[in-house]
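A.B. asks: This is the structure I have questions about; it appears just below.
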Amino acid sequence: MFTDDVKLTNPLHVAFVRSQIASGEIVELETEDALEAEGVAAVHTGADVADLGSLSVNPVLPIKHLPPFSVLAQATVRGLGQPVAAVLGETALQAADAAELVYAEIEPTESSPILVAEKNWSNAQYEEAAAKADHVVSCTIQHPRLAPSPMEPRSIAAAYDAETDCVTVWHSTQTPHRTRSELAAILGIEAKRIRVIAPHVGGAFGMKASLYPEDVFVVWAALKHKRDVKWTATRSEEFLSATHGRGIKSEGELALSSDGTFLGLKAMVEGPVGAWLPNSGLITAWNAARVLPSGYAVPAQDITTQAVMNNLGPTGIYRGAGRPEANCLMERLIDKAAAVSGIDPVELRRKNLIPATALPHNTLTGNTLDSGDYAKALDVLCEAVDYPALLAEQTRCRAEGQLVGIGIGFYLEPSGNGWETARVTLNEDGSVVVASGSSSQGHGRETAFAQIAADALNIDIDQISVLLADTAKTPEGIGALASRSTAIGGSAVLKACEEITSRLEASEALPITADVRYENKGQAWGYGAYLAQVSICRSTGELSVERITCVDDTGTIVNPKLVEGQILGGLAQGLGEALMESIVYDEDGQLLTGSFMDYAMPRAADIPTIDIHKFETPSPMNALGAKGVGEAGTIGAPAAILNAAVDALRPLGVTDLTMPLTSQSLWRAIRSAEQGKS
Amino acid sequence: MYETAYARPRTLEEAVELLQSDEDAKCLAGGMTYVPTLKQRLAMPSLLVDLSRLLSRDIAVADGFLTIGAGARHVDVQRSQIVRETLPALAELAGLIGDPMVRNRGTIGGSLSNNDPAADYPSAALALDAQITTTKQQYAAADFLSGMFETLLDDDEIVTHVRFKIPVCAAYSKFASKASGYAVAGAFVARFDDDVRVAITGAGPCVFRADQLEEALKGDFNVWALKGKTIEPEGLLSDMHADAEYRAALAVEMTKRAVHQITGA
Ligand SMILES: Cc1cc2nc3c(=O)[nH]c(=O)nc-3n(C[C@H](O)[C@H](O)[C@H](O)COP(=O)(O)OP(=O)(O)OC[C@H]3O[C@@H](n4cnc5c(N)ncnc54)[C@H](O)[C@@H]3O)c2cc1C
């Protein structure tokens with residue numbers, strides 16, 4: 001059952017009236033006609049919700065200016081698609097019809113970007129390093145803005161209970177416990193009046209990690225009107241007003257000596273944020289900087305990141321959330337360094353990767369790279385593809401005039417930090433209930449948690465049932481995001497089972513319940529190396545990815561099938577970014593990619609042959625030894641594909657390309673290169 | 001969508017009467033274009049006249065012509081033994097439209113009546129000098145397909161049949177949009193005993209014939225004959241997916257691919 005399937009009692013349906021102007025002042029807001037329309041129970045505007053509180057924002061970067069969180073726009077509109085009014089109708093159709101009768105006159109205002117947060121990490125030696133370097137390469141990467149587009153759009157349903165004056169909220173979310181605590185804080189009511197259930201969630205990818213103004217409105221309206229209320233976004237609303245990912249611009253400079261030793265890295269990251277910040281609104285800009293310089297040893301560093309507010313759609317974490325951006329910058333710089341120094345790209349990487357013996361390693365940006373053997377990922381990769389043979393084949397194809405490229409992307413994937421809970425009960429009949437504070441959106445978390453418990457308790461997996469995502473039935477927890485759930489949530493399950501085992505041994509009578517709040521020792525850093533082979537058609541610019549080979553060290557693997565699923569899915573999304581996906585606005589700030597007719601999503605047929613290889617170095621940071629893998633594909637694939645595309649066009653003199661690598665942009669690059677030559 | 005009335009007449013006459021009785025009535029065939037339009041609230045008809053069960057789906061060959069009922073779904077054309085034998089390029093074209101769900105409902109009549117600049121069928125209709133029969137009269141495809149999303153149809157006029165001239169050989173090559181699957185540029189090349197016709201869809205505001213390419217191919221029906229030949233970008237479509245220059249280049253390339261499919265060299 002998905003949220004929209006929840007049967008409510010005679011619910012009111014919400015239709016939002018959204019601003020068609022990105023920045024402006026509301027001069028008139030006429031709601032009378034809508035209010036008189038058939039089946040309309042109420043029409044609300046900013047004034048009705050002016051007193052509500054704000055969503056909390058994870059301050060991973062020092063905040064200079066916090067954009068206001070408005071459930072409905074107050075006097076000012078700051079983002080395209082921001083809700084300015086909401087209509088409550090007896091049917092969804094009546095609400096939608098009446099919403100068209102709301103007249104909103106919004107006077108456009110000029111707006112300039114506002115610096116929301118900023119941070120610099122520097123050991124102040126970069127300029128010196130650059131001065132004595134034999135080569136300095138630079139590049140700028142503008143990542144396309146992406147629409148996460150889970151199959152199920154945002155959806156929320158609130159059931160009001162008159163007897164207790166409480167609400168039960170079904171919410172398509174990654175973080176049901178957070179929905180509850182944030183709702184309580186924003187609405188100014190006690191959390192115990194709210195129960196949150198996340199039923200089946202049809203994908204999320206970070207886009208459903210935080211509450212939206214629309215969600216708050218639905219629950220507020222249920223309490224205000226003492227009725228059930230529901231809202232499910234349309235796909236158009238998702239393109240317009242659900243958080244977008246990427247959109248980051250990163251610029252970097254890498255200094256190296258003639259033998260290929262990296263001397264210094266300077267990087268400037270600029271991450272766009274929208275009119276309001278979701279909980280994780282600063283994570284992307286933070287990750288895009290602090291994951292630098294990836295797994296490489298670089299003595300001098302000067303890294304700056306900024307989150308800058310503009311008036312386009314809101315942005316948030318999207319599978320990868322800054323990790324692809326950081327890794328992509330580094331991997332592009334290295335390929336450029338390989339080209340100018342004449343050193344083989346694999347060799348250059350191997351030479352500069354932090355050796356296994358130097359781990360754990362503390363980075364300038366405040367991370368501890370915990371464990372692994374980074375160079376081994378390259379070794380396994382080269383062996384898997386027979387790298388020398390691949391290069392020979394490329395030389396042969398090039399001699400025939402074909403545009404063929406090989407690209408490598410090494411990546412690091414930090415997974416989440418902190419705590420998660422588990423409550424495991426061993427019943428008298430031998431059955432076990434595992435309740436976790438984490439949740440699932442089709443990851444197969446239930447399977448993984450049941451496996452962990454079955455192994456730890458040495459019982460049959462069929463004896464175990466897993467409870468997730470209901471604040472009334474599971475212990476308070478964080479949720480499914482930041483590739484953290486197996487590593488931390490799974491460790492909590494393991495610890496709870498271990499506790500049960502020792503209490504059993506101490507002859508405690510059944511049933512036994514162990515409540516565990518497990519906190520990891522720090523982030524577990526997954527890593528890997530991807531290789532993409534591409535060919536580009538000279539006359540149309542079509543790029544075909546012939547093959548992608550992946551090597552991932554995801555730490556201890558609980559379930560290989562689930563890990564593989566994560567890699568494949570992430571890879572498809574990474575390929576989407578590399579080749580086709582992009583949210584586009586026109587000069588007036590209007591959204592041009594408002595549907596799948598214009599926003600290109602990869603389809604099954606776009607996915608190339610994929611070869612997956614793995615090895616396991618357990619992480620010392622959590623009880624299971626697991627590392628994150630949910631984002632691996634979105635990080636490794638774009639860097640490898642982008643490098644391969646540039647490599648394919650290198651004989652023509654092309655040194656830079658911008659994602660998405662659409663056929664038109666490649667055709668143009670080929671043409672200008674050929675015209676430039678003749 | 002907005003609330004609307006729905007009727008399912010049993011005969012064409014009844015359908016026409018319904019269309020005449022209400023100026024905001026609109027006919028509906030497979031609904032693969034019109035239903036999404038309704039769902040996005042881009043149209044507000046008072047009455048939907050459903051033709052899907054009354055239009056002919058027959059496919060027949062006679063006297064060098066292939067006649068297809070307007071109600072034939074894309075999948076019908078794609079799978080028809082008759083089409084595969086007499087005009088395989090048309091079956092292939094139908095198989096390139098959208099996805100299986102679209103092909104299972106969308107109709108040839110609907111596609112031609114809609115005349116989307118990026119649709120596939122208009123290229124075949126123009127290249128194969130099709131006759132389009134309606135409840136009122138017959139049109140040559142070149143006249144009927146009059147502009148961007150425009151045809152010569154009156155509001156109360158229904159397409160009933162399409163008749164294609166069978167060529168000696170033909171091929172269709174399409175460069176599909178990564179987003180929509182529609183043609184960014186598509187070329188239908190048809191070779192007749194005494195003529196070569198090349199119709200380009202996707203690139204311009206309406207399907208058109210590429211005269212220069214046709215001339216070159218009449219002289220020598222071979223890919224080499226197209227070397228250095230171009231299509232003028234002026235007047236072609238430019239949007240975020242592809243600008244006019246690129247579409248012009250793609251149109252030529254698709255023509256080459258179609259010719260190559262026919263000659264196999
Ligand atoms: C996801 C998707 C992908 C698609 N991809 C492609 C593609 O790659 N190539 C392509 O060519 N098309 C594509 N289409 C469009 C598809 O081919 C439609 O089926 C076709 O364009 C319209 O046919 P229909 O029978 O569905 O018409 P409807 O949607 O029912 O009607 C379309 C219009 O034509 C009118 N009409 C319908 N039948 C008649 C008739 N007999 N007489 C007079 N007027 C009539 C209607 O009033 C309406 O205005 C796609 C559609 C979708 C949804």
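A.B. asks: Of the residues B:235, B:69, B:98, which exhibits the maximal mean-square fluctuation in a Gaussian network model of chain B defined by a 10 Å Cα contact cut-off?
C.D. replies: The residue with the greatest mean-square fluctuation here is B:235.
A.B. asks: Order by neighbour count: B:121, B:182, fewest other Cβ atoms within 10 Å first, most last.
C.D. replies: By the 10 Å Cβ count, ascending: B:182, B:121.
A.B. asks: Still on this structure, I have one more. Taking the Cβ of residue A:579 as the centre, find all other residues whose Cβ is under 12 Å away and add up their charges (Lys, Arg: +1; Asp, Glu: -1).
C.D. replies: -2
A.B. asks: Can you put B:224, A:121, A:220 in order, fewest other beta carbons within 10 Å first?
C.D. replies: If I rank by nearby Cβ atoms, fewest first, I get B:224, A:121, A:220.
A.B. asks: Let me ask something additional. So which residue, out of B:28, B:38, B:145, gets the largest mean-square fluctuation from a GNM of chain B using Cα contacts under 10 Å as springs?
C.D. replies: B:38
A.B. asks: Which order results if A:256, A:666 are arranged by neighbouring Cβ count within 10 Å, fewest first?
C.D. replies: Fewest-to-most Cβ neighbours within 10 Å comes out as A:666, A:256.
A.B. asks: Using the Karplus equation 6.51 cos²θ - 1.76 cosθ + 1.60 (θ = phi - 60°), what ³J(HN,Hα) coupling, rounded to whole Hz, does each residue of segment A:351-362 give in order, writing x for Gly and Pro?
C.D. replies: Residue by residue, segment A:351-362 yields 4, 9, 5, 5, x, 4, 5, 8, 8, x, 10, 8 Hz.
A.B. asks: Let me ask something additional. Could you give the distance between the Cα centres of segment A:613-678 and segment B:242-262, to the whole Å?
C.D. replies: What the calculation gives is 28 Å, centre to centre.
A.B. asks: Could you tell me the distance between the Cα centroids of segment A:221-238 and segment A:523-542, to the nearest Å?
C.D. replies: Cα centres, segment A:221-238 to segment A:523-542: 42 Å.
A.B. asks: Moving on. Pick from B:56, B:113, B:21: which is most flexible by mean-square fluctuation in a GNM of chain B where alpha carbon atoms under 10 Å apart are linked?
C.D. replies: B:21
A.B. asks: A 32 angstrom limit on the alpha carbon distance is what I want to check against. Which of B:39/B:178; A:521/A:614; A:192/A:627; A:64/A:230 exceed it?
C.D. replies: A:192/A:627; A:64/A:230
A.B. asks: Summing Lys, Arg as +1 and Asp, Glu as -1, what charge do residues with Cβ under 13 Å from the Cβ of residue A:375 carry, residue A:375 excluded?
C.D. replies: Residues near residue A:375 contribute -1 overall.
A.B. asks: Shifting gears a bit: Taking a cut-off of 17 Å between Cα atoms, list the aspartates and glutamates near residue A:224, but don't count ones fewer than 8 places away on the same chain.
C.D. replies: Residue A:224 reaches A:48, A:51, A:90, A:161, A:163, A:165, A:190, A:214, A:215.
A.B. asks: Identify, among A:250, A:387, B:72, the residue whose Cα sits farthest towards the positive end of the charge dipole of the protein assembly as shown, taking +1 on the Cβ of Lys and Arg and -1 on the Cβ of Asp and Glu, with the dipole about the Cα centre.
C.D. replies: A:387
A.B. asks: All other residues with a Cβ under 11 Å from the Cβ of residue A:539 taken together, and with Lys, Arg as +1 and Asp, Glu as -1, what is their net charge?
C.D. replies: Summing Lys/Arg as +1 and Asp/Glu as -1 gives +2.
A.B. asks: Just how far, in whole angstrom, is segment A:55-96 from segment A:297-367 if you go by their alpha carbon centroids?
C.D. replies: 34
A.B. asks: For a Förster distance of 45 Å, can you work out the FRET efficiency between the beta-carbons of residue A:65 and residue A:103, rounded to the nearest 0.05?
C.D. replies: E(calc), rounded to 0.05, equals 0.90.
A.B. asks: Sticking with this structure for a sec: For segment A:506-512, what does the Karplus curve 6.51 cos²θ - 1.76 cosθ + 1.60, with θ = phi - 60°, yield as ³J(HN,Hα) per residue in whole Hz, taken in order and with x for Gly and Pro?
C.D. replies: With the stated coefficients, segment A:506-512 comes to 7, 6, 6, 7, 7, x, 10 Hz.
A.B. asks: If you don't mind, there's one more thing I want to ask. Give me the percent of DSSP beta bridges within segment A:419-519 that run antiparallel, rounded to the nearest 5.
C.D. replies: Of all bridge pairs located within segment A:419-519, approximately 70 percent are antiparallel.
A.B. asks: Can you show me the helix-derived [θ] at 222 nm for chain A, built from DSSP H runs with n ≥ 4 at -39,500 (n - 2.57) apiece and divided by the number of residues, rounded to the nearest 500.
C.D. replies: -9000 deg cm²/dmol
A.B. asks: Report the equivalent ellipsoid semi-axes for segment A:225-379 in whole Å, largest first, defined as the square roots of five times the eigenvalues of the gyration tensor built from alpha carbon atoms.
C.D. replies: Listed largest to smallest, the semi-axes of segment A:225-379 are 37, 16, 14 Å.
A.B. asks: Bin width 20 Å, alpha-carbon pairs only: give the P(r) of the protein assembly as shown as whole percents, running from 0 to the bin holding the largest distance.
C.D. replies: In whole percents, the pair-distance histogram is 13, 39, 36, 12, 0.
A.B. asks: Using amide H atoms built 1.01 Å from N in the peptide plane, name the residues 5+ places from residue A:42, or on other chains, whose amide H lies under 5 Å from its own.
C.D. replies: A:88
A.B. asks: While we're here: What do you get when you divide the Cα radius of gyration of segment A:1-352 by 2.2 N^0.38 Å, with N the number of residues?
C.D. replies: 1.16
The numbers here are math on the coordinates, done by the rules we state, and not lab data. Being a predicted model, the structure only gives us computed values, none of them experimental. Cβ: placed from backbone, ideal geometry, glycine included. Neighbour counts: every protein chain shown.
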